[in-house]
Structures are given as structure tokens and as C-alpha cells.
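Down below is the structure, laid out as C-alpha cells.
The values are calculated or read from the model by the stated rules, or taken from the named source; none is laboratory data. Since we're looking at a predicted model, the values are computed, not measured. Cβ: placed from backbone, ideal geometry, glycine included. Neighbour counts: every protein chain shown.
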Amino acid sequence: MTFHQAALVPALLCLSAVNSIAQTPPAASPAVPADVSPLYVVTYVEARPTAREEAAALLKSYREASRSSSGNLRSVVVRSVVRPGQFVVAAAWKDKAAWDAHMAAAGTKEFREKLNALRNAPADDRFHNALSVGPMEVASGSVYGVTHVDVIPPQKDNAIVALKVLGDQPSEPLHRVRDLALARGLRRERHVRAPARVPRQARRDGRRAL
């Protein structure tokens, strides 16, 4: 089993793969799966140095609008502590229909147009399904950690089992609070992502919720 770290969702993230994601235009997005419910969508954003604060304000506004959208179960926006121009939007939607309706809404289209003018790279939406979901509450000042686990294809099922066990553990022994989900990437089945929320003093290279 091989592992490498990548930046994904909320505040404290392992960021080694985020740079390459932000600097290299992503391949065409896969079709959104119709049989996944809830559907987890993670979007990477990198703003131009001169547009960081404008992007942060825009993303906060988008987060609030998303939370009031029909079919939205969760919407979180986080910002890198050490790379202030890097953001991640993590959302859970009831299903593909809810996501499609959200993307077709005039407000979402306007948001994407405004964001495109502030970005260094195109949008990178990733679709996931849940393996283990933690509490929905988010304490003020929480720092988020997300680890991208990349496994060889023959060990995919074993990796999913191991990560599900990890995600279902009580938070106290690991000094962390589980958040969102352990999610399997739908683009390539060998990719598994494990977001978690940890105490803000635990790391300095993390991401904070906006």
C-alpha cells in the first residue's frame, strides 16, 4: 500500500499534492454519478495573490447561499494557514439531482463567473461517497485536516476497510474530532480521502474554516 499526502478539504490539510493540483489544469471532470446519496463534492480553489481577500469574501457568501439551497446537507469553506490563497469548498448534497439543480441556478453561475476572474487555475470539482461520517457540529476556530490516501488497485478494498475503522474510532485517543466523511473518490476507485477536524493547536500547516 502506498500513501502520499494531498490537500483536500477543511482547515488542517496535508498540502503536498495541492500545489500540483492548483498549478496544473485538471482533466475533464467525470460525469456526476447518479446512484450516490449523499453526494460529497470537494472543490479546490487557488486565488491570485492580489485577489485573496476578495476570494475569501466571495466564498463565504457562496457557503451561506449553498446552505440554504434545496438538497444541501453541509457546506464548509476552509483556507490554508500557510498558503492563504488556497481554499477548499466541501459540501454534501442529497443526490445528483440536488447538485445539478444547484449548479444550474443563476446564483451559482454568477458565483463561478466571479470566482473565475480571481483564480490562478480552473475549477477542480471532485465527487465522493461516504464511508464514515462524524458529527455535524463545527466549533469556532476549528482546524481541519485532510489526508489523501493513494493505494495500489489490488489493495483498494483493504484500504477502505482500514480507513473505515479509523474513521469510526472515538475522537479522544487521536486528539481529533471526526468531520464530514471518509470518502472514496468516484473518479478513480483507488483514491480514498480522509477528512478530519483536529484541535487548532495540533498543526500549523492546516486550514481554518471561514
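When G167 is tested against (1) closer than 24 Å to S37 by Cα; (2) in contact (Cβ under 8 Å) with a residue 40 or more places away in the chain; (3) in contact with a Leu (Cβ under 9 Å, 6 or more places away or on another chain), just one condition goes unmet, and that condition is (2).
Based on what the data block shows, is S37 at pLDDT 95 or above, out of contact with any Leu (no Cβ under 8 Å at 6 or more places or on another chain) and under 23 Å from G134 (Cβ atoms)? Even if it seems obvious, please write down each step before you answer.
Details: at pLDDT 95 or above: no; out of contact with any Leu (no Cβ under 8 Å at 6 or more places or on another chain): yes; under 23 Å from G134 (Cβ atoms): yes.
Here the answer is no, as S37 does not meet what is asked.
Just to be sure before I move on: is A92 surrounded by 13 or more Cβ atoms within 10 Å (Cβ to Cβ), closer than 28 Å to R52 by Cβ and in contact with a Leu (Cβ under 9 Å, 6 or more places away or on another chain) in the structure I sent? For A92, the condition - surrounded by 13 or more Cβ atoms within 10 Å (Cβ to Cβ), closer than 28 Å to R52 by Cβ and in contact with a Leu (Cβ under 9 Å, 6 or more places away or on another chain) - is met.
In region 53-80, the residue that is surrounded by the fewest Cβ atoms within 10 Å (Cβ to Cβ) out of those that are over 14 Å from G107 (Cα atoms) and among the hydroxyl-bearing types (S, T, Y) is S75. One residue stands out among those in region 106-127 that are in contact with a strand residue (DSSP E or B) (Cβ under 8 Å, 6 or more places away or on another chain), part of a loop (DSSP other than H, G, I, E, B) and of a type in the set (A, V, I, L, M, F, W, C): the one that is farthest from R67 (Cα to Cα), which is A121.
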